[in-house]
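Notes for the one structure printed next.
The values are calculated or read from the model by the stated rules, or taken from the named source; none is laboratory data. Keep in mind it's a predicted model, so treat the numbers as computed, not measured. A quick note on method: Cβ atoms are made from the backbone with ideal geometry, for glycine too, and the neighbour counts reach across all protein chains shown. Only protein heavy atoms, including side chains, enter the accessible area calculation; ligands, DNA and RNA are left aside. Shrake-Rupley method; radii C 1.70, N 1.55, O 1.52, S 1.80 Å.
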Amino acid sequence: AALKEKRSKAYEDFEAVARDLISRGVTSPAKLGCQGGSNGGLLTGNMLARPTAGSTLFGAIVCQVPLLDMRRFHKLLAGASWMGEYGDPDTDDWSFLQRYSPYHNLDEATAYPPILVTTSTRDDRVHPGHARKLVSKLLDLGKGPSTFYYENIEGGHGGAANNKQRAFMSTLAYSFLEQTLASKNRGE
């Protein structure tokens, strides 16, 4: 299982599927997007921050209600209950946690694909601070033109309080993917 020090295996596997789709000619990086929320937000955050993924594999990323700061996750909301899965960053576990902490693996020199990060102010599972910090760091690194953020002030960990908001959040994500990926592929 992809737990604790073996967690990176989940990201390697996801990358392998993307590489296979590209190598077989099913798609290209400019046409491939990924979307995930919560633990899937950690996955898509890694697809942004890992040097072997990012813009080499994806034309757009949607990262929803994400877990992104693996140094402090256990201090916020339900985070302490996840240490059995991820590890304890206050111990030697930090040596492997930092390898898949998207917040800690961003750098100025990397060209990242466009990303939409969404969260909910009232998320009671993954603190919205994870999303806010990642977006703030991307902006500080000069990645503003390709960084998009939306925070719903209602809802919970699902990102929406009712069906109307869920429909809006889905439309927001799919519109971002369609507009971003289509704009890269005009003329093909």
Let me have the relative contact order for the chain, percent, based on Cα pairs under 8 Å that are six or more residues apart. 22
Quick calc: nm separation of the 7 Å Cα→Cβ label points for residue 165 and residue 24 -> 3.9
Using alpha carbon centers only, the range 19-43 is separated from the range 94-111 by a whole-angstrom value of 19
1/(1 + (r/R0)^6) with r = Cβ-Cβ of residue 78 and residue 183, R0 = 25 Å, i.e. FRET efficiency to nearest 0.05, evaluates to 0.10
Any idea how far the Cα center of the range 67-91 sits from the one of the range 125-169, in Å? 20
Hits among aspartates and glutamates - C-alpha to C-alpha of residue 143 under 17 Å, sequence gap 8 or more where chains match: 107, 108
Carbon and sulfur: what percent of the range 32-94's accessible surface (1.4 Å probe)? 52
Consider the candidate values (1) 51, 37, 32; (2) 137, 42, 23; (3) 45, 36, 34; state which one is Cα extents along the principal axes in Å computed from the structure displayed. (1)
If each of residue 111 and residue 124 carries a label point 7 Å out from its Cα toward its Cβ, how far apart are those two points in nm? 4.5
What are the membrane-span-like helices in the chain by this rule: whole DSSP H runs, Cα extent along the axis at least 20 Å, mean Kyte-Doolittle hydropathy at least -0.5? 8-23, 163-184
Charges at C-beta only: +1 for Lys and Arg, -1 for Asp and Glu. How large is the resulting dipole of the range 70-188 about its Cα centre, in Debye rounded to 20? 360
Using a 1.4 angstrom probe on the protein heavy atoms only, could you order 47, 83 from most to least accessible area? 83, 47
Amide H to amide H, which residues 5 or more places from residue 38 or on other chains are under 5 Å from it, using H placed in the peptide plane? 64, 65, 67
Could you do me a favour and compute the accessible area per residue for the chain, 1.4 Å probe, result in Å²? 48
